[in-house]
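Here's the structure, in structure tokens; my notes come after.
Bear in mind that the values in this text are calculations on the coordinates, not laboratory data. This structure is a prediction, so every number in the text was calculated from the model and none was measured. No Cβ is skipped: glycine too gets one built from the backbone with ideal geometry, and neighbour counts run over all protein chains shown.
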Amino acid sequence: MSSTEFRKDLFADERDDTLKEIGKPTIRQDILGHVTGRTKYFDDHLFDGLLHMRAVRSPHHHARIRRIDTEAAARMPGVRRVVTAKDVPVNLNTLLSLINFGRDDEPLCAHDKVRFLGETVAWIIADTEREARDAVAQVRVDYEPLPHVLDVEEALKPDAPVVNEVYPNNTFDYHGKYDHQKLRFGDVNAAFARADHVIEAEYQMSPIEQAPIETCGAIAAPEQNGRFVCHTNTQALFFSLGTTAKLLDTPSSRLHFIGGTAGGGFGGKVDSIVEPTAVLGAMLTGRPVKFAWDRYEEMQVGAPRGGERWRIKDGVMRDGTIIAREFTGFFDSGAYMRLSPYAIIKGTGHLPGPYSIPNVASNVYCVVANRTPATAMRGFGITAVDFSIECHMDRVAEAVGMNPIELRILNAYRDGDMKAHRRKAKNTALIECCQVAAGKAGWSISADAMAQSSLRGGGLGERGAIPETATDEEGRIGERRAGRTRDTAPSRQPTGRVPAGHAGQAVTAAPVQNPDMEIEIERIGHRIAAQQGAAPAPRAPQPPAGQPTPPRAAPPAAAPQSSYAPPPSPQATAPTYQQPPAPTPPPAPTPPTPPAASEPYKPEQPFSRGVNRPGTSRFLSGTRRR
Amino acid sequence: MAIHKGRGFACINYPIGMNLGGDPAQALVHSTPDGKFMVALSAIDLGQGMKSVTRQIASETLGVPVEDVYVDTADSDTGPHDMGSFASRGTHRVGNAVIRASAEARKQMLEAAAEELEVNASDLDTDGKGNIHVKGAPSRSITVADTAMAAQFKQGRTLAGRGIFLIPPSDADAETGEMTPVTCFAHAALVIDLEVDDETGDVEVKEINSAYEVGRALNPKLVEQQLIGGAWMGVSHALYETTEPQYPKRDHGPQDFNTYLMPGPGQIVPHNIAVLERPAEDAPFGGKGPGEMCANPVLPAVANAIYNAVGIRCDRLPITPEKILRGLRANGGARPQQVR
């Protein structure tokens, strides 16, 4: 049926295939636990007196909350506590505030108004989940429905309702200046004017559920000394811990988060909503509290992969060379920002896809509407635009009458090509992937296309240069809402020029803090661009495992191998993998002789984890505690 | 009424690691008294194999058997900081942190062994089977277990290491979008063969042939699992899934797996994969992390194959039978792509 082959023949000279453990199909450390049902997930931690928390959710897309009447709910059987927004110490956050990105825009619990169908307006904590659900149904909320907007482009219109007052223009504010993220490289308008074909189309990605088998959930319980333990299936332990500390206004030292094993994530377990909610419940009741989404909540309230709309316009020459590509993108962020504005920057850095195109422009909008907030999902920021780009490539191939694989190879980026985000491509392999996939499928491509290589021809002339770039200042924050800007596509009337060659410094990894933390260069198993020529000096702290030399110093299209600076080799054209000279470490200081010890401790058998207690049920995979 | 065969192509690249950096990962490694190594992390294993790949990385870097390494994650009281498992950062960021922590622990281990063997630590090497020997003189050796014992009980030395890996945060330019988005990219190309039934609008994907370039397959089985599972997800995204069938209207949203459509086990498509490995220079042993990118090329390749089969451009996902039947009606029937 299916088959997998490892093409060790390709790029063999850049790789050392004699590593001892890396590259081996070692069985997973945790797989026996998974397949025998012994692995502990968050919900396998058992607590006596566990309480259950359920959310009261908005039935409206957009409504003002006039009043919440919880009296009847509080009198329901088994109810321990009704929780509302006023119980949340700091009820405003944005996920990426942990890395200083964006403004706080989202409450854990709505208080003044609800902004999407299903938003939390209160919680019930009860002895059983059934009792919590019954009490949720008894909470009376007096709503004043407000006009709502669901479509991203409708939300950009001047008369659209303001969804989230923190972003009153219904867009994320980029760099304190624009209502979108720009990408400008060369001059697309000039290129469209001389192109043989201009090909335009619009693509729409649907919202998609991450659909893990295990829904988002957490159990929190008081520990000693005023601490709280939280068992969670988060995808980001310290994201969830930091978010909880902020929302609940508590030092992070009071929080003990335990996770590490999730029943699927795919991006849907980053948002850190269940963790602060469960810990809040434990703080308010002094009891263990579980808060977990049911399948409906996972699918309709939990954040999906957001819808994305992309318009692409290509300028193409008769021979299939793409000379210009323009994007207009709309990210459907939902009512709150979460991770979408960041994904747009990721997506912008990805444009124009894996191709060498000399003129590229893009405007991408992060749009707020009365919709379930979107979040990460496998391929975040990339999946939808790749769908759009690759469907568009097929349109281009048809327009110029070319084999679609040959069209990709013709336009593919190669080592040393300048990318639209103004950094040189390196370590590319698109052409080889195209050739191998075509071969496997028996889809014949020309001998010329088969002869191409990612290693050759990149960075030559225009391909490696940063062109003079047309810029504009359209789409300043607030202009669209004021009716002064309508067009969403990159400007047709550029007002500025950035000179050719303009680029800043590439950012590379922080150096190791201690040379002992650096693996020996001959043990990393692949070639790196580091110190060729001169013998490696004493290994002072320096970029790890071979950071590329700063781009400024990159040789201008001299070597076809471009960004790789192979170790000196007799063969000038085809460098082969060589063991670099071993570094000479400083002489090891002679340690003082330790006092003679009696026979040191030595276990008779290797350590094994865990104990089997007689009398314990083999089917009880939990920690029972009070 | 007929079945139409179609073939579509797509190729992609994928950025590895959190865009624009600023996402550190840390690791701590220490030896038990008898020379087994514990790796403490806060990374999350979502099923992608985080624990296993970091275990193998630690084993390779330390130079000890993989059975002697155990990964413990994620307890915020004992595991050092890590941003999380997303943005294709697990293998790249955490893997690099584990290399650094293991390298430091190895350095301590070799120094302890050097003292026992009365040689210079730089003259020592490991055999990956639990022994440390003098380079070129395999008989002059000591076991890792004896080294750990001596280090702890005779020399008063820990065999431990710390590691952190950080791409410092940077920004995108407001005017040009200039940025250093990530430090390496994975690649893929893929051919879909499928059939479209012009009576029912049903699409059946028959075969996938693909090439994925992953830097280095740190564990070939984990790579294979990701690629086969990812292709399944790609087919599902292309043809079945959405939480909002009437997007942007929110009506008729599925609430469970009875109404949220996905292909079943019987619809897993035969998939012939070629794995290419071009190591990335700042990735752990060159490995880029194949998990996130592998569904991406499937979506457009399916759309392109449907156009090839019946001449309908389906630019709005998912490509449901309804959309195909409406397209056929608008086109006056199937119009297979002529030449290409």
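Across the options B:85, B:142, B:98, the greatest Cα extent toward the positive end of the charge dipole of segment B:25-165 (unit charges at beta carbon of Lys, Arg, Asp, Glu) belongs to B:85.
Within segment A:146-200, the GluC sites (Glu not before Pro) that combine a DSSP coil assignment with at most 13 other C-beta atoms in a 10 angstrom radius are A:165.
Which semi-axis lengths, in whole Å and largest first, follow from the square roots of five times the eigenvalues of the Cα gyration tensor of chain B? Let's see the in-between values first.
Details: eigenvalues 514, 80, 62 Å².
Output for chain B: semi-axes of 51, 20, 18 Å.
Once both labels are positioned 7 Å from their Cα atoms along Cα-to-Cβ, the gap between residue A:162 and residue B:123 label points is 7.7 nm.
Compute, for the protein assembly as shown, the length of the dipole vector about the Cα centre, with Cβ point charges of +1 (Lys, Arg) and -1 (Asp, Glu) only. Units Debye, rounded to 20.
Rounded to the nearest 20 debye, it is 740 debye.
The convex hull around the C-alpha trace of segment B:25-165, projected and averaged over every direction, spans 8.0 square nanometres. Projecting label points 7 angstrom from Cα along Cα→Cβ for residue A:100 and residue A:317 puts them 4.5 nm apart. Please report the spacing between the Cα centers of segment A:481-522 and segment A:168-245 in Å, no decimals. A separation of 19 Å, based on Cα centres.
Once the Cα atoms are used to define both axes, helix B:95-117 deviates from the longest principal axis of chain B by about 20 degrees. Restricting attention to the protein assembly as shown, close to 75% of DSSP beta bridges with both partner residues there are antiparallel. If R0 is taken as 56 Å, the Cβ-Cβ distance between residue A:224 and residue B:259 corresponds to a FRET efficiency of 0.75.
Going by average Cβ density within 10 Å per residue, which order do the peptides B:159-168, A:446-455 take, highest to lowest? Walk me through the numbers on the way to the answer.
Values: B:159-168: 22.9, A:446-455: 15.8.
The most tightly packed comes first, giving B:159-168, A:446-455.
Roughly what angle does helix B:220-239 make with the longest principal axis of chain B, taking Cα atoms, 0 to 90 degrees, to the nearest 10? Helix B:220-239 and the main axis of chain B meet at about 20 degrees. Charges were assigned to the Cβ only: +1 to each Lys and Arg, -1 to each Asp and Glu. The resulting dipole of segment B:25-165 about its Cα centre is roughly 340 debye. For residue A:137, project a label point 7 Å along Cα to C-beta. Then give me every residue of segment A:57-86 with its amide nitrogen under 14 Å of that point. Only A:73, A:76-77 pass the distance filter. For segment A:313-382 and segment A:22-50, what is the separation of their Cα centres, given in Å? That distance is 38 Å.
Among B:62, B:190, B:117, the residue with the largest mean-square fluctuation in a Gaussian network model of chain B, with springs joining Cα atoms closer than 10 Å, is B:117. Seen against the Cα atoms of chain B and their longest principal axis, helix B:50-62 is set at about 40 degrees.
For residue B:117, the shell of other residues with beta-carbons less than 10 Å away shows a net charge of -3, using +1 for Lys and Arg and -1 for Asp and Glu. In this structure, the amide hydrogen of residue A:228, modeled 1.01 Å from its nitrogen in the peptide plane, lies closer than 5 angstrom to those of A:223, A:255, A:256, counting only residues at least 5 positions away or on a different chain.
Which shape class applies to the protein assembly as shown: rounded if a/c is under 1.5, otherwise prolate when a/b exceeds b/c and oblate if not, where a ≥ b ≥ c are the square roots of the Cα gyration tensor eigenvalues? Cα axes put the protein assembly as shown in the oblate bin.
Since only A:475, A:460, A:445 are under comparison, the one whose Cα sits farthest along the positive direction of the charge dipole of segment A:443-507, derived from C-beta charges on Lys, Arg, Asp and Glu, is A:475.
Per residue, how big is the convex hull around the C-alpha atoms of segment B:73-145? Give it to me in cubic angstrom, could you? Don't skip to the end; give the middle numbers.
Values: hull volume 8.7 nm³, N = 73.
So the per-residue Cα hull volume is 119 Å³.
If you place +1 on the Cβ of every Lys and Arg, -1 on the Cβ of every Asp and Glu, and leave all else neutral, what size is the dipole of segment A:34-88 about its Cα centre, to the nearest 20 Debye? About 280 debye. One Cα centroid belongs to segment A:79-103, the other to segment B:192-221; the line between them spans 43 Å.
For segment A:153-216, the alpha-carbon coordinates run over 52, 34, 24 Å along the three principal axes, in decreasing order.
Shielding by partners for peptide B:35-41, expressed as the average number of C-beta atoms from other protein chains within 10 Å of each residue's C-beta, is 1.
Counting other C-beta atoms within 10 Å, which of B:23, A:415, B:123, A:9 has the fewest, and how do the rest follow? Provide the component values of the computation, followed by the final result.
Values: B:23 21, A:415 24, B:123 15, A:9 7.
So the ranking, lowest neighbour count to highest, is A:9, B:123, B:23, A:415.
Listed by chain and number, the lysines placed with their C-alpha closer than 29 angstrom to that of residue A:269 are A:40, A:86, A:113, A:246, A:290, A:346, B:51, B:221, B:249, B:288; residues fewer than eight positions away on the same chain are left out.
If packing is taken as the mean number of other Cβ atoms within 10 Å per residue, what is the order of B:103-116, A:486-499, A:283-296, highest first? Numbers along the way, then the final one.
Working: B:103-116: 24.1, A:486-499: 14.4, A:283-296: 19.9.
Averaged packing, sorted descending, gives the order B:103-116, A:283-296, A:486-499.
Can you tell me how segment A:263-358 classifies by the Cα gyration tensor, rounded, prolate or oblate, using a/c under 1.5 as the rounded cut? It comes out prolate by the Cα gyration axes. Using the Cβ atoms and a cut-off under 15 Å, what net charge is assigned to the surroundings of residue B:264, where Lys and Arg are +1 and Asp and Glu are -1? Result for the local shell: -3.
Between beta-carbons, use under 10 Å as the cut-off and find the net charge around residue B:255, counting Lys and Arg +1, Asp and Glu -1.
Working: positive: A:295; negative: A:294, A:297, A:298, B:256.
Within the 10 Å Cβ shell, the charges total -3.
Bridge orientation summary for segment B:25-165: considering DSSP beta bridges with both residues in this region, about 80 percent are antiparallel.
Taken residue by residue and averaged, Cβ atoms of other chains lying within 10 Å of the Cβ of B:299-311 number 4.
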